Amino acid sequence: MSVIQDERYRLAVEDFGPALERLARGYEADPDLRRDLLQDIHTALWRSFAGYDALCSPRTWAYRVAHNVGASHILKRRGKAARQVGLEELADAAGDDDPERNVGERRAMARLLTLIQALGPPDSQVMLLYLEDLDAAAIGEVTGLSAGAVATKIHRIKAILARQFQQGEG
């Protein structure tokens, strides 16, 4: 074990830990499986810093590792029936403890995550990274797509999600 590896991991978790948790929530609705996925992400991230060459930012590196682990997780779970987001996930989706005031936001977030989870792996990964405020170039670095392809995907997926979201309200 390298002290440098441990320090890089510690800093990455300090800087990107909440984002990694949100990404895991986007990849997996089941709370138990989500905890396993997050543990897998952390293990892979720690291991990856043994070979980190600093050719990209630590942020991009952490997202790339999380993306790869999430993609593997989705592929393993492919073929299983899609699940609805349960009450526990609704509570996790919003940070405020006032359920009456935030019930609309919680329902909207749960619906959005359900719709994103229903997308195929490449599209759901792009949208989860987009929701983490990564730009098209950074998403491209993580996913291996060109920035133009990412921007086009985001535009198309947002239109599809908006239509599905509105259809569900009617």
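So is Asp32 surrounded by fewer than 13 Cβ atoms within 10 Å (Cβ to Cβ) and not in a helix (DSSP H, G or I) or not? For Asp32, the condition - surrounded by fewer than 13 Cβ atoms within 10 Å (Cβ to Cβ) and not in a helix (DSSP H, G or I) - is not met. In the set (1) surrounded by fewer than 15 Cβ atoms within 10 Å (Cβ to Cβ); (2) among the polar types (S, T, N, Q); (3) more than 22 Å from Leu128 (Cα to Cα), Gln5 fails one condition alone, (1).
The C-beta contact set for segment 6-24 (first residue closer than 15 Å to Trp61 by Cα, second residue of a type in the set (D, E, K, R), distance under 7 angstrom, 6+ apart or interchain) comprises Phe16/Arg59; Ala19/Glu132; Leu23/Glu132.
Among residues belonging to segment 46-77 that are in contact (Cβ under 8 Å) with a residue 24 or more places away in the chain and not in a helix (DSSP H, G or I), point out the one that is surrounded by the fewest Cβ atoms within 10 Å (Cβ to Cβ). Among residues in segment 46-77 that are in contact (Cβ under 8 Å) with a residue 24 or more places away in the chain and not in a helix (DSSP H, G or I), the one surrounded by the fewest Cβ atoms within 10 Å (Cβ to Cβ) is Ala50.
Every read-out reported here was derived from the displayed coordinates using simple, explicitly stated rules and does not represent laboratory data. Because the structure is predicted, anything quoted here is derived from the model rather than measured. With ideal geometry, Cβ positions are generated from the backbone for all residues, glycine too; neighbour counts draw on all protein chains shown.
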